[in-house]
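Structure, as structure tokens:
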Amino acid sequence: MSASQSSMRVSAIVPAYNEAERIGAVLWALVHAPSVGEVIVVDDGSTDGTAQIAQSFGVRVISLPTNCGKSVALDRGVHKARYDTLLFLDADLVGLRPDHIERMIRVYREEGRDMVVGVFRGGRLNTDLAQTIAPYLSGQRVLSKALWKKLRRKVHTLDFGVEMALMKLALKEGWSQAFVELDGVTHVMKEEKFGFSRGLASRFKMYRDIVRSVFTRVTE
């Protein structure tokens, strides 16, 4: 491993919409991860104080005036990122530790992968099962700015379909990938966040975005 590889610094980007109750646990893990050179929270039009909680951790916060969707929020963060290596993490993770973050970055760095995807294991049964069936839908990823920019023209139409679009592009272009197990990690279900009816509606919207991304061309 070269000196430049061993000293690789990473820009972590966390898109967040009304995650004031949950984002602190993710930010704690990030600020204690040695390989993370900066943390950027993109507050996607939250109304619950998400930005204020993020600022209390001393991280950079970008506040969008309205809710623009996950893919746009990620892209705003990438645009401001200082480093060429990007780490994407969801804001509602439970059980995330600094060693999970370091493990993903280490595999990316030492194995020379184009993209590393973190998948839940041993957190809770339903999220473990979902990511066993479809690990490519995980929001926890390490990749380069250059690869993200290949998708950039489509970000305004993808929203929650961004992970599927990344996987389609990876398959199309033959990116080398690795899946890293994040033991004990899960996330808060939409029905738990918003109540059953609103959470279910949000879940169906997410599924719609994913399905739509299947039929969207990922490159021009």
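Each value in this text was obtained by applying a stated rule to the coordinates, not by laboratory testing. Since we're looking at a predicted model, the values are computed, not measured. Counting neighbours? That spans all protein chains shown, and the Cβs are built from the backbone with ideal geometry, glycine included.
Side notes on the structure shown:
- Maximal additional length on extending the ASP183-ARG82 stretch stands at 33.4 nm, based on 0.36 nm per residue less the C-alpha distance.
- VAL42 long-range amide H proximity, modeled H, under 5 Å: VAL14, ALA16, ILE62
- Using the Cβ-Cβ distance between THR66 and GLU21 with R0 = 30 Å, the FRET efficiency computed as 1/(1 + (r/R0)^6) comes to roughly 0.90.
- Under 5 Å between amide hydrogens, built in the peptide plane, is the criterion, and for VAL119 it picks out VAL180, GLU181, LEU182 among residues at least 5 positions away or on other chains.
- ³J(HN,Hα) computed for each position of the stretch 21-33 - Karplus, 6.51 cos²θ - 1.76 cosθ + 1.60, integer Hz, glycine/proline x: 6, 10, 5, x, 5, 5, 5, 4, 5, 5, 6, 9, 8
- Here the gap between GLU173 and LYS149, fully extended at 0.36 nm per residue and compared with their Cα-Cα distance, gives a gain of 7.3 nm.
- Extension gain for the segment ARG121 to ILE133, taken as residue separation times 0.36 nm less the Cα-Cα distance, is 3.1 nm to one decimal.
- Whole-Hz couplings from phi, Karplus 6.51/-1.76/1.60, listed for the stretch 90-96; x for Gly and Pro: 6, 8, 10, 6, 10, x, 5
- In this rough spin-label picture, where each label sits 7 Å from Cα along the Cβ direction, the PHE57-TRP28 distance is 1.1 nm.
- Across the stretch 69-85, rounded Karplus estimates of 3J(HN,Hα) from the backbone phi angles (6.51 cos²θ - 1.76 cosθ + 1.60, θ = phi - 60°) give x, 4, 5, 5, 4, 4, 5, 4, x, 4, 4, 9, 5, 7, 9, 7, 9 Hz, Gly and Pro being marked x.
- Projecting the Cα atoms of ALA81, SER71, TYR17 onto the charge dipole of the stretch 1-83, computed from C-beta unit charges around the Cα centre, puts ALA81 farthest toward the positive end.
- Loop sites in the stretch 96-141: trypsin sites (Lys or Arg not before Pro), DSSP, at most 13 other Cβ within 10 Å: none
- For ALA20, distant residues with modelled amide H under 5 Å away: THR50
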